[in-house]
1. Please go through region 32-44 and pick out each residue that is open to solvent by 10 Å² or more (accessible area, probe 1.4 Å), part of a helix (DSSP H, G or I) and touching a strand residue (DSSP E or B) at 6+ places or on another chain (Cβ under 7 Å).
2. Taking region 53-101 as the region of interest, how many residues are at pLDDT 85 or above and under 11 Å from the mean Cα position of the chain (by Cα)?
3. Select from region 1-51 the residues that are within 19 Å of Ala82 (Cβ to Cβ) and either in contact (Cβ under 8 Å) with a residue 60 or more places away in the chain or more than 16 Å from the chain's Cα centre (by Cα) (or both) and list them in ascending order.
4. What about Ile10, is it aliphatic (A, V, I, L, M), in contact with a strand residue (DSSP E or B) (Cβ under 6 Å, 6 or more places away or on another chain) and open to solvent by less than 40 Å² (accessible area, probe 1.4 Å)?
5. May I ask you to verify whether Ile14 is closer than 24 Å to Ser105 by Cα and β-branched (Val, Ile, Thr)?
6. Keeping to region 45-76, report how many residues are surrounded by fewer than 17 Cβ atoms within 10 Å (Cβ to Cβ) and not in a strand (DSSP E or B).
7. Can you go through Ser114, Ser104 and tell me which one is surrounded by 15 or more Cβ atoms within 10 Å (Cβ to Cβ), at pLDDT 70 or above, over 13 Å from the mean Cα position of the chain (by Cα) and part of a loop (DSSP other than H, G, I, E, B)?
Amino acid sequence: NTLMEREGKIKIGIVTYNETEDIKDAKDGFMQGLKDLGIDYKIQIEYKNSKGDINALSKMCNSIFDKNDIVVTLGEKAATVAKSERKDTKKPIFFVGVDNPVTSSLMSNTITPSKHRQFRVVLKTLKLLVLLLHKYISYH
């Protein structure tokens, strides 16, 4: 069964290092995108903001991985900490708000996932994030 077909809600964990105005806009746009697709009824969101505390961010990343089907990171710091905390995870991580995922060592190039295989996509827009997430949960 796909995530959409299984009983219960799909659990998505969202983590950020610090909620700037851009991060808040990204989070709100993501939530609106799920609603626009008509799948918000099937989604349960857990949102964690470390408020600039790097140690708390590490703990939050581990918690997000343990409790959720899919992880979304907002901002470069959250993405790089998530990568370092759970290199072995099979759960997909979608990220947004990373200016250059190659120089951030999140990906080896902009076409293929990183050598750690945890980052499935490079996202430039929230619309793309929502559409890719919808595709993922429809087929996995």
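1. Of the residues in region 32-44, the ones open to solvent by 10 Å² or more (accessible area, probe 1.4 Å) are 32-33, 35-38, 40-44.
The next check asks that each one be part of a helix (DSSP H, G or I); those that pass are 32-33, 35-37, 40-42.
Once the filter is applied, which keeps residues that are open to solvent by 10 Å² or more (accessible area, probe 1.4 Å), part of a helix (DSSP H, G or I) and touching a strand residue (DSSP E or B) at 6+ places or on another chain (Cβ under 7 Å), region 32-44 yields only Lys42.
2. Residues meeting the conditions: 14.
3. Of everything in region 1-51, those that are within 19 Å of Ala82 (Cβ to Cβ) and either in contact (Cβ under 8 Å) with a residue 60 or more places away in the chain or more than 16 Å from the chain's Cα centre (by Cα) (or both) turn out to be Ile10, Ile12, Ile14, Val15, Thr16, Tyr17, Thr20, Asp22, Ile23, Ala26, Phe30, Lys51.
4. Yes: the conditions hold for Ile10.
5. yes
6. The total comes to 12.
7. Of the residues listed, the single one that is surrounded by 15 or more Cβ atoms within 10 Å (Cβ to Cβ), at pLDDT 70 or above, over 13 Å from the mean Cα position of the chain (by Cα) and part of a loop (DSSP other than H, G, I, E, B) is Ser104.
The values are calculated or read from the model by the stated rules, or taken from the named source; none is laboratory data. All figures in this text were calculated on a predicted structure; none of them were measured in a lab. When we count neighbours, we look across all protein chains shown, and the Cβ atoms used for this are built from the backbone with ideal geometry, even at glycine. The area values use the complete protein model at the heavy-atom level, side chains included, leaving out ligands, DNA and RNA. Shrake-Rupley method; radii C 1.70, N 1.55, O 1.52, S 1.80 Å.
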